[in-house]
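Down below is the structure, laid out as structure tokens.
The values are calculated or read from the model by the stated rules, or taken from the named source; none is laboratory data. All of these numbers come straight from a predicted model, not from anything done at the bench. Please note: Cβ atoms are built from the backbone with ideal geometry, for glycine as well, and neighbour counts cover all protein chains shown.
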Amino acid sequence: MGHHCWVCGRTRANEKFSGKGHARHICKDCQRLPREQRDAVQALRDIDGILDQRNISAKNMARLKTLCRSSNEEVRQKAQLVLEMARIAPHRRKRRGILARQMPELLNRLVEEGLIIGYSAGTEAEPLLEDEDVDEIGDDVEFLPW
């Protein structure tokens, strides 16, 4: 059982980590990378983490504004998209629907960047089961009361 390096995403043996690398969870190979590259990986992880949150707070918005001034083009572009999305729909609930109605071009750009997966503004959300599908399931399915 080794440690997980957050830069490369691999679980590596203990020997692959230096003394400080153990505490920081960065393997020796990733420590040799330029600082800018490691910072870019951390910034992209921050952006993904902000998207996973239920509510994008004021502190998250401040972090995104900081990332918008990054020297890395990819980080800057993704941070600007997420910041624009956070200003329109800061809550995760119904975020896609709000973006599809108010800013479909922003939603399409978020999908193109891979920040929102499997959805585009041009498609309608399909229900999981139609009425005909429920009839096909049959009576042998037991529904639990909760």
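Here is how the numbers come out for the structure above:
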{"item": "Helices (runs of 4 or more DSSP H) lying entirely in the range 1-55 (those with 3 or more residues that are assigned by TED's automatic domain parsing to the domain that holds L81)", "result": "35-52"}
{"item": "Contacts under 9 angstrom Cβ, first residue in the range 96-122 being closer than 19 Å to D52 by Cβ and surrounded by 15 or more Cβ atoms within 10 Å (Cβ to Cβ), partner among the polar types (S, T, N, Q) and modelled with pLDDT under 85, 6 or more apart", "result": "L107/S120; V111/S120"}
{"item": "Residue list for the range 75-94, filter: modelled with pLDDT of 90 or more and either loosely packed, with under 13 Cβ neighbours inside 10 Å or not assigned by TED's automatic domain parsing to the domain that holds L107 (or both)", "result": "R87, H91"}
{"item": "R69 being in the same structural domain as R92 (by TED's automatic domain parsing), charged (D, E, K, R), farther than 20 Å from H91 by Cα and in a loop (DSSP other than H, G, I, E, B)", "result": "yes"}
{"item": "Qualifying residue in the range 84-91 (condition: touching a residue at least 40 places away in the same chain (Cβ under 8 Å) and farther than 20 Å from C5 by Cα)", "result": "no"}
{"item": "Condition check for A62: assigned to a helix (DSSP H, G or I), exposed (fewer than 13 other Cβ atoms within 10 Å of the Cβ) and among the hydrophobic types (A, V, I, L, M, F, W, C)", "result": "yes"}
